[in-house]
There are 6 protein chains.
Amino acid sequence: MTDTKVTPLDAAAIEVLKTITTATLTTILLKKGLRNVWIRGGMPLRPGQERVVGPAFTFRFVPAREDLATPASWGSPISTRAAIEAMPEGAFAVIDAMGVADAGVFGDILCARMVKRGAVGLVTDGVVRDLDGVLGTNLPVWSRGAAAPPSVAGLTFVGWEETIGCGGVCVIPGDTIVADKDGAVVIPAAYLGEILEEAPEQERLEGWIVNEVENGEKLPGLYPMNEATRARYDAWRKDA
Amino acid sequence: MTDTKVTPLDAAAIEVLKTITTATLTTILLKKGLRNVWIRGGMPLRPGQERVVGPAFTFRFVPAREDLATPASWGSPISTRAAIEAMPEGAFAVIDAMGVADAGVFGDILCARMVKRGAVGLVTDGVVRDLDGVLGTNLPVWSRGAAAPPSVAGLTFVGWEETIGCGGVCVIPGDTIVADKDGAVVIPAAYLGEILEEAPEQERLEGWIVNEVENGEKLPGLYPMNEATRARYDAWRKDA
Amino acid sequence: MTDTKVTPLDAAAIEVLKTITTATLTTILLKKGLRNVWIRGGMPLRPGQERVVGPAFTFRFVPAREDLATPASWGSPISTRAAIEAMPEGAFAVIDAMGVADAGVFGDILCARMVKRGAVGLVTDGVVRDLDGVLGTNLPVWSRGAAAPPSVAGLTFVGWEETIGCGGVCVIPGDTIVADKDGAVVIPAAYLGEILEEAPEQERLEGWIVNEVENGEKLPGLYPMNEATRARYDAWRKDA
Amino acid sequence: MTDTKVTPLDAAAIEVLKTITTATLTTILLKKGLRNVWIRGGMPLRPGQERVVGPAFTFRFVPAREDLATPASWGSPISTRAAIEAMPEGAFAVIDAMGVADAGVFGDILCARMVKRGAVGLVTDGVVRDLDGVLGTNLPVWSRGAAAPPSVAGLTFVGWEETIGCGGVCVIPGDTIVADKDGAVVIPAAYLGEILEEAPEQERLEGWIVNEVENGEKLPGLYPMNEATRARYDAWRKDA
Amino acid sequence: MTDTKVTPLDAAAIEVLKTITTATLTTILLKKGLRNVWIRGGMPLRPGQERVVGPAFTFRFVPAREDLATPASWGSPISTRAAIEAMPEGAFAVIDAMGVADAGVFGDILCARMVKRGAVGLVTDGVVRDLDGVLGTNLPVWSRGAAAPPSVAGLTFVGWEETIGCGGVCVIPGDTIVADKDGAVVIPAAYLGEILEEAPEQERLEGWIVNEVENGEKLPGLYPMNEATRARYDAWRKDA
Amino acid sequence: MTDTKVTPLDAAAIEVLKTITTATLTTILLKKGLRNVWIRGGMPLRPGQERVVGPAFTFRFVPAREDLATPASWGSPISTRAAIEAMPEGAFAVIDAMGVADAGVFGDILCARMVKRGAVGLVTDGVVRDLDGVLGTNLPVWSRGAAAPPSVAGLTFVGWEETIGCGGVCVIPGDTIVADKDGAVVIPAAYLGEILEEAPEQERLEGWIVNEVENGEKLPGLYPMNEATRARYDAWRKDA
């Protein structure tokens, strides 16, 4: 896997991000000026799916043209098959299906192979097919759901490891994807360091606030914090 | 809670409405000329959620403007926080998110506080965020689902206890909301009395018809009833 | 049931089709030039619903006009009630609701009666109502979900056993419907014979490929098969 | 033309309706309880097109299936060609294209033949094709615009003189269509008499009000009229 | 007109803004962090309509409820009629129709009265009705087009001079609206001063660039300018 | 211009295609199995725009990310500016804007430069900006219309001369684009030869049919032709 643009995340970063909700990530990114980082349509295929983290490995589709989008095309050198074989271990597949919901980007065979190649997850603004089979592979999937027709009923595959749009969001190979019950979020590569530094504190703070609410505190002055609350929180932090 | 426009429902009305399906309510309201009372997009967040009844307490959002829709705005006097503190016990939060599905109106902290304030439910034509956390508060929610981004990624909060649109339906503070597995229905204040009178009989009648169908009766003449069926039903009612 | 256009499927055909996924059916039909056979919006109402097969018995709705779409119309000779009484045993109800998602085509009473008449399933590009009641009838339903309002809130029923559109697909009475977790697919009557012949082999082949992937085979050359793989598969088939 | 369900409008009715705006028609029909009579998507193809009136002659399409929707199908006995030959003089073609905007229902040849057969207009919730040619026939068209592809690229024709939906409105053969710069409105057959009686007075009254506004009158009390304004108007009417 | 929140723009500001395209305004506002200021759906009703500038006077609609949205409601104290009488001279009407395109917010009578009251323009994310009549009033309108049905077919009016959403944009009474052939843009009140200062220079610069392109200059280095181009431009400016 | 993939069309091919309507092209391509060749949303920006023909030169956008989609990015080596400088003479710009209608892909400056570079037309599934300026350049444009905001308000430019989707159609650099009043059609490179051979005859035949219709011929047997009509036509052709 020498020529991929996608470098693995280090294990420590993955450990940190596994403890951060996508809700918290979007809040932090918004404070940095990024409002558009959540992939529309990419929701958990299996209820209760756990959080998954990995670098984005992208797939790009365009609309089907009947002479190109055929089962025969699956054997071409530029095919989803070849792309999957190019995936590095630990990668998160991000698939631009242009929101098409009536042709499944992948079924059980391709998902099974991705698992073999060490893919950690798949997110698409489209759908998968052969739902039972895909769930059987245990690949965590975020999508608009499932549909029976093959990709070539609506889509032509054109390449991998390109900058793509997915669910209205720009995804560049090597960006970090974090996905959980609220869907999938893109952390642009240049922002990853700051996120790793700031996110754990934000989670801690929000956890403390929830606790305060459960103890009967009112919201004004608590969330966002006024000075008095901030002092109480800082004291608690010191003790903790 | 002296200045709210929302007066509590009396306990007897709540008891009656808890036995009436939203399907029955929409049929009765349609017979009175109201075809548009079901909130599009507001479906149960948790499968199997029980029926909930309460007076509407409304929240209004408009689209985000980057200088207004900021985390800092959460501390303003006109904020969702202040609105929640104004909710009377027993209220049903109804949130006009203009159908925006990529920014969550509320997350776990605000839902937890609503529960503390005695809110019985929340319905929106948008989404919530931090799904796990929201489910953890046990606030019954009807929505388009969940999304990670904060409200300010797409929405600006402007006020509460105003007449709003929600899911294509007009909701006036003090209207009664009934929500169950078929979604959420608005009973305009002026129609509540009639509904309380007529709905239990409609439920009884439909239950009897289902029973007849299970006994092998054909539909024509049964539903709607012809005179002979009506007579049989009346006889059964007298006996019951 | 002498005058219906819908003739029952023979039991052997049903047995075969119950073993074929809709994913496989769409692949085979696409190879024959039919790309548009999957009913958009018709997804399982109950998670885990099993595959169902039957000949299409169609219902056609047009938009509601307030003087026609009334509860009184339910007693007319051209009503959903009369249509249900015309259904032959084993039929699969296919309901053209024009994608309308805010008025339920049928509720518990009509679904219960369909079950009595031997209907095997129902698919619509709209929604049902009275979700609890419909699930209680055990009629397998594929739809966009559920809504509280009655059909007449948005729809006028106009006839049955006509050629219709459903979810963007043409359905002719007597076409075969197969529905599973990936949704519902139409097999045009003229194609049924070929499908019955070819589909089992396609399933067998794909099962073998999945197995190969689990054994660590790469995709290129495997799926689609190159000559070497084909030879290996043929050898396996002979042995099996 | 003996077997059509569409009977011609009498010339006097046409004369009256040619003086009534569709805006006025929708206001009167709404007062009678009909809120849904305006065909969504059916707007004038040629800027400045004059008002046209005629009885509805309906065409019904369903989605394309590749084996049915072919140029060869244009020669079938159930074809748009046969339908056009069945049109009585003075009819208004109303075409249910299910809102499909990427396949033109008719082009220049069929529109030219409709003109020969005495059609007065055509309204569809879809599009026409060969815009230049269609405009050249001088058939007044209301549509979503134009597109290059033939009907069979997206549509299968199934019949004529059936009750249809068009632009979200129920249209029954023999209803009256009035179309002008605000689009096309359906007057259900049973309401035609009342409309012919009431509409001219409504137009007169609104014309008077516009005049009053131009003379500087304020709106409250003028529109709708209070008693004093009504008296002034009645006096003017008597004089006029 | 003493109690309106909308204060007139001064004549000098209007003169400046009449020379600035909405394209230029959106570029400048984006540079200041405001990406969402263009009202989706609000396009010129009359081809070739000139640029218009004025302070926003807002109208708010919610969805129709059949008992509230009636012709009788037009006589209520909270009506569009009363709102129009509250408009100060020079105001730009901004109407939140929630994007509803099948019920016209205003027709000829109300537009005629607005002209009498000195309104300079009207923008809505919905439609107007009685197109001929509205054009006849010469009120410049930006909308999704026209439709025949009255507002009450789909809308209930609830108030004026409130913060609203219009075409996906937040509009606060007193913001400045500039509308031309590219549609309508909102200048938030707090940004007006800066815009008045910076916009004329931006227009001048873009005009010079267009001229350079016409003289055969290549784009790179020209737009955006590199240092050499900037120097040439500065020299030209000094001479001009 | 040595390194472009786009080779000029020969002048004779252009002359032929200028006489063929896009309606005729789509009919011929459909007969060859290509149903999806018309670019949705790409309609003439200026009423009455003449037919234009050229090889596709593609531009690809993805959604905006606030740190990438900035006015500063316009100076980057991968920018729309650089792409335009790479266009060969005679090219037809095809721009994948993912259907985004609230950010203009190009304004007057870029269109003016395209004209200088010899571009023959531009088609996008998005919009342009600065409508007056763009019309002033006389570049023939097919789009969803115009909008004020700059591309970076919604789009990030990522590259040129790639295979793209545009309006739901696959476009490969070097395909031929023909655009007229019915919109823009893609002729895949491999089909161009056949089209050039067959299209003129199809136009001749349809012209003859229109003439027959004008002479009072009925449609059945005429269009499509039966044998007798075919013989008459062949005779006419021989004479002509």
Cβ pairs under 7 Å, 6+ apart, first in the stretch C:138-158 and under 11 Å from C:Arg46 (Cα atoms) and more than 7 Å from every other protein chain (Cβ to nearest Cβ), second of a type in the set (Ser, Thr, Tyr) and in a strand (DSSP E or B)
C:Ser143/C:Thr124
Does D:Asp125 meet the test of being closer than 20 Å to F:Arg144 by Cα, surrounded by 24 or more Cβ atoms within 10 Å (Cβ to Cβ) and under 18 Å from the mean Cα position of the chain (by Cα)?
yes
Are any of the residues in the stretch D:53-75 in contact with a Pro (Cβ under 7 Å, 6 or more places away or on another chain) and among the hydroxyl-bearing types (Ser, Thr, Tyr)?
yes
Tell me the residue from F:Gly90, F:Gly165 that is more than 8 Å from chain E (Cβ to nearest Cβ), in contact (Cβ under 8 Å) with a residue 60 or more places away in the chain, within 17 Å of F:Ala56 (Cα to Cα) and in contact with an Asp or Glu (Cβ under 9 Å, 6 or more places away or on another chain), please.
F:Gly165
Here are the criteria: (1) out of contact with any helix residue (DSSP H, G or I) (no Cβ under 9 Å at 6 or more places or on another chain); (2) more than 30 Å from B:Asn36 (Cα to Cα); (3) surrounded by fewer than 24 Cβ atoms within 10 Å (Cβ to Cβ). Tell me which single one C:Ala83 does not satisfy.
(2)
What's the number of the only condition in (1) among the acidic types (Asp, Glu); (2) within 23 Å of the chain's Cα centre (by Cα); (3) at the interface with chain F (Cβ under 10 Å from one of its Cβ atoms) that E:Glu214 fails to meet?
(2)
Kindly evaluate E:Gly33 against the criterion of being within 14 Å of chain F (Cβ to nearest Cβ) and surrounded by fewer than 24 Cβ atoms within 10 Å (Cβ to Cβ).
yes
Among (1) crowded, with 22+ Cβ neighbours inside 10 Å; (2) closer than 20 Å to F:Asp180 by Cβ, which single condition is D:Arg144 missing?
(1)
Would you be able to tell me the number of residues in the stretch E:66-77 that are facing chain B (nearest Cβ under 10 Å), surrounded by fewer than 24 Cβ atoms within 10 Å (Cβ to Cβ) and touching a residue at least 24 places away in the same chain (Cβ under 8 Å)?
1
Scan the stretch A:50-63 and tell me whether some residue there is within 12 Å of chain C (Cβ to nearest Cβ) and either surrounded by fewer than 19 Cβ atoms within 10 Å (Cβ to Cβ) or polar (S, T, N, Q) (or both).
no
Hey, does the stretch A:174-196 have a residue that's in contact (Cβ under 8 Å) with a residue 24 or more places away in the chain, more than 8 Å from every other protein chain (Cβ to nearest Cβ), touching a Pro at 6+ places or on another chain (Cβ under 6 Å) and not hydroxyl-bearing (Ser, Thr, Tyr)?
yes
For the stretch A:101-109, state whether one or more residues are facing chain C (nearest Cβ under 8 Å), without any contact (Cβ under 8 Å) to a residue 40 or more places away in the chain and more than 12 Å from the chain's Cα centre (by Cα).
yes
Given the options F:Pro150, F:Pro173, name the one that is within 20 Å of E:Ile39 (Cα to Cα) and in contact with a Ser or Thr (Cβ under 6 Å, 6 or more places away or on another chain).
F:Pro150
Does the stretch F:10-28 contain any residue that is over 19 Å from F:Val123 (Cα atoms), within 14 Å of chain D (Cβ to nearest Cβ) and among the aliphatic types (A, V, I, L, M)?
yes
Going by the conditions given, is F:Ile209 at the interface with chain D (Cβ under 9 Å from one of its Cβ atoms) and either crowded, with 17+ Cβ neighbours inside 10 Å or in contact with a helix residue (DSSP H, G or I) (Cβ under 6 Å, 6 or more places away or on another chain) (or both)?
yes
Matching option when the condition is β-branched (Val, Ile, Thr), in contact with a Gly (Cβ under 7 Å, 6 or more places away or on another chain), surrounded by 24 or more Cβ atoms within 10 Å (Cβ to Cβ) and within 30 Å of D:Gly145 (Cα to Cα), among E:Val178, E:Val169, E:Val134:
E:Val134
Kindly provide the set of residues from the stretch C:111-137 that are more than 17 Å from B:Ile20 (Cβ to Cβ) and within 7 Å of chain B (Cβ to nearest Cβ), ordered by number.
C:Ala112, C:Arg113, C:Lys116
Residue check, F:Gly159 against (1) surrounded by fewer than 19 Cβ atoms within 10 Å (Cβ to Cβ); (2) out of contact with any strand residue (DSSP E or B) (no Cβ under 8 Å at 6 or more places or on another chain), all met but one. Which one?
(2)
Check whether at least one residue in the stretch E:215-235 is part of a loop (DSSP other than H, G, I, E, B), in contact (Cβ under 8 Å) with a residue 40 or more places away in the chain and closer than 22 Å to F:Arg129 by Cβ, and report yes or no.
no
Does the stretch B:132-139 include one or more residues that are more than 30 Å from A:Ser143 (Cα to Cα) and either polar (S, T, N, Q) or at pLDDT 95 or above (or both)?
no
Against the definition (in contact (Cβ under 8 Å) with a residue 24 or more places away in the chain and either within 8 Å of another protein chain (Cβ to nearest Cβ) or out of contact with any strand residue (DSSP E or B) (no Cβ under 7 Å at 6 or more places or on another chain) (or both)), how does D:Pro200 come out, yes or no?
yes
Could you tell me which residue of the stretch A:37-49 is farthest from A:Thr137 (Cα to Cα), considering only residues that are modelled with pLDDT of 95 or more and more than 8 Å from chain B (Cβ to nearest Cβ)?
A:Ile39
On the basis of being among the charged types (D, E, K, R) and over 30 Å from A:Gly136 (Cβ atoms), does C:Arg129 make the cut?
yes
Name the residue, out of B:Ala153, B:Ala184, that is surrounded by 24 or more Cβ atoms within 10 Å (Cβ to Cβ), in contact with a strand residue (DSSP E or B) (Cβ under 6 Å, 6 or more places away or on another chain) and closer than 30 Å to A:Thr21 by Cβ.
B:Ala184
What single numbered condition from (1) among the charged types (D, E, K, R); (2) modelled with pLDDT under 95; (3) over 23 Å from D:Ala199 (Cα atoms) fails to hold for D:Asp10?
(3)
Could you tell me which numbered condition D:Val158 fails, if it satisfies all but one of (1) within 14 Å of the chain's Cα centre (by Cα); (2) within 30 Å of C:Gly168 (Cβ to Cβ)?
(1)
Residues of the stretch C:115-127 being outside any loop (DSSP other than H, G, I, E, B) and within 27 Å of B:Val169 (Cα to Cα), in sequence order, are C:Thr124, C:Val127
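The values are calculated or read from the model by the stated rules, or taken from the named source; none is laboratory data. Because the structure is a prediction, the values reported are computed rather than measured. For neighbour counting, all protein chains shown are included, and Cβ atoms are generated from backbone atoms with ideal geometry for every residue, glycine included.
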